[in-house]
Amino acid sequence: MKIVTIIGARPQIIKAAALSRAIKDHFAGKITEVIVHTGQHYDENMSNVFFDELGIPQPNYNLNVGSGSHGKQTASMISGIEEILLKEKPNAIVLYGDTNSTLAGAVAASKIHIPVVHIEAGLRSFSKAMPEEVNRIMCDHVSTLLFSPTITGYNNLVKEGFKEKNAAPYSADNPKIYQSGDVMYDNSMHFSAVAEQKTNVITANKLQKGKFILATIHRNNNTDEPLRLNSLFGSLNDISNENGLDILLPLHPRTSKLLETNLDANLLKAVKANAKFKIIAPASFLEMIALEKNCAMVMTDSGGVQKEAFYFEKPCIILRPETEWVELVECGAAIVTDADEARIKTAFKKLYSASNLSYPKFYGDGKSAQFICGEMLKHL
């Protein structure tokens, strides 16, 4: 069986590692994978280094589309992906998550009747104001095999009309839905043992294990809106000063440039003067695992980092108005605060002092990618 895997953003590169590893270790000779990098996001430390660090085969194709408006970027990717699919003639296209690369792959493949396999299907924020929500819904509704990481995602698909007991053969008109577990959990468990040995991010930043907060901020509505960005940085700076805690913030290059223009001058000065507020370049995947394992708490607007915090049993403050990972909030391990300074500080006090948080095994057994490969072989 031949599959074409589409990746375009840092999280997708990481997720693809789990599937590539499962193919290499368990399905060699049975599944051939052709990797297409759309070039949707490109930064040396957020792209190429991941292929080396995670042992992912280098992409067979790179579309190099770069940044641009949603329409222009997506159109360019649809054209490039369609051309590759017509040349490679795969049994299926494999798509991850909810980026413009995901949408482009879904449109390109469905139009020429190549089965779509969607990994991370069924996730919903219930806010179509988020471009990601539109992308994931559109992808799900042209997919043949839909692999949801959680029971919540699976139930969302059922509510949208997907049938639970469809019989094979499967197609876009007769899709199969699964609760498969999470390929990111596979990865985190696989790389957990080596992360601290292969990185020095803890010592290099003079951090004490269990005594610092890991923060990430990258979503457009947080970085591009000065009021929100000021609220987030003000909260982080106050929490650091009031509690004597280090804040480590690996900052996306785009956000780093916006600080000078979007942050209040006095706040920017205060942040720079706070020796405990440590802003560093984007962390590699293994560095992020080491940071997540050793921090006291995570504060993030990233969907992936929310889950990784949970994998390593760290409380999490979600700097967004909603989350698709509702089970994290329902079990009490995470609190949604949006970019609201008062809510962020209240959530911090509650989670930092909590001693009875629980972390149920929502995300499978660490063998989700192996299961997905087996189902593709069976049904495509």
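Values quoted throughout were computed directly from the atomic coordinates according to the rules given, and no laboratory measurement underlies them. None of these values were measured; they are calculated from a predicted model. Cβ coordinates were reconstructed from backbone atoms using ideal geometry, including for glycine residues, and neighbour counts include every protein chain displayed.
The table for this structure:
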| item | result |
| --- | --- |
| Against the rule of thumb 2.2 N^0.38 Å, how large the Cα Rg of segment 178-234 comes out | 1.63 |
| Length-normalised contact order of the chain in % [C-alpha pairs under 8 Å, at least 6 apart] | 16 |
| Centroid-to-centroid separation of segment 275-296 and segment 321-370 [C-alpha atoms, Å] | 19 |
| Efficiency of FRET between His26 and Asn274 - r from beta-carbon atoms, R0 56 angstrom, step 0.05 | 0.70 |
| Members of Lys257/Lys345; Lys15/Lys361; Lys314/Lys345; Lys72/Lys111 lying beyond 21 Å, as alpha-carbon distances in this model show | Lys257/Lys345 |
| Estimated FRET transfer efficiency (Lys361, Ala265; beta-carbon r; R0 41 Å; 0.05) | 0.30 |
| Under the Karplus curve 6.51 cos²θ - 1.76 cosθ + 1.60, θ = phi - 60°, whole-Hz ³J(HN,Hα) for segment 308-325, x wherever Gly or Pro sits | 4, 4, 5, 3, 9, 6, 10, x, 9, 9, 9, 8, 9, x, 7, 9, 7, 9 |
| Label point distance in nm, His379-Ala193, each placed 7 Å from Cα along Cα→Cβ | 3.2 |
| Cα-centre dipole for segment 288-344 with unit charges at Cβ (Lys and Arg positive, Asp and Glu negative), debye to 20 | 220 |
| Net dipole in debye of the chain [+1 Lys, Arg Cβ; -1 Asp, Glu Cβ; about Cα centre; nearest 20] | 320 |
| Measure of compaction for segment 49-155 (Cα Rg per 2.2 N^0.38 Å) | 1.09 |
| Radius 10 Å from Cβ of His218, net charge of other residues (Lys, Arg +1; Asp, Glu -1) | +2 |
| Along each principal axis, Cα extent of segment 189-352, largest first, Å | 42, 36, 28 |
| Cut-off 14 Å, label 7 Å out along Cα→Cβ of Met1, residues of segment 342-380 by amide N | 369-380 |
| Estimated inter-spin distance, Ser353 and Met138, nm [label 7 Å along Cα→Cβ] | 4.7 |
| Of Lys2/Lys89; Lys163/Lys367; Lys24/Lys198; Lys30/Lys89, those spanning more than 20 Å from alpha-carbon to alpha-carbon | Lys163/Lys367; Lys24/Lys198 |
| GNM flexibility winner over the chain from Val107, Val134, Val194 (Cα, springs under 10 Å) | Val194 |
| Computed over segment 189-352: relative contact order in percent, which uses C-alpha pairs under 8 Å that are six or more apart | 26 |
| Lys/Arg +1, Asp/Glu -1 at C-beta; the chain dipole; positive extreme among Gly161, Val107, Val94 | Val94 |
| For peptides 264-276, 77-89, 110-122, sequence by mean Cβ density within 10 Å, most packed first | 110-122, 77-89, 264-276 |
| Segment 82-219: C-alpha pair distances exceeding 26 Å, % | 38 |
| Highest-MSF residue in the chain out of Pro11, Pro90, Pro253 [GNM, Cα springs under 10 Å] | Pro253 |
| Met299 long-range amide H proximity, modeled H, under 5 Å | Leu214, Ala215, Thr216, Ile317 |
| Value of [θ]222 nm, deg cm²/dmol, for the chain, DSSP H segments ≥ 4, -39500 (n - 2.57) each, nearest 500 | -14500 deg cm²/dmol |
| Normalised contact order of segment 149-276, rounded percent, pairs of Cα under 8 Å and 6 or more residues apart | 21 |
| Which of Gly39, Gly29, Leu54, positive extreme of dipole for segment 1-104 (C-beta unit charges) | Gly29 |
| Size of charge dipole - segment 189-352 - debye, nearest 20, with Cβ of Lys, Arg +1 and Asp, Glu -1, no other charges | 580 |
| Built amide H within the under 5 Å cut-off of Val34, gap 5+ | Ile3, Val4, Thr5 |
| Relative intensity, log₁₀ I(q)/I(0), of the chain from a Debye sum that treats every alpha carbon as a point, q = 0.11, 0.14 Å⁻¹ | -0.76, -1.23 |
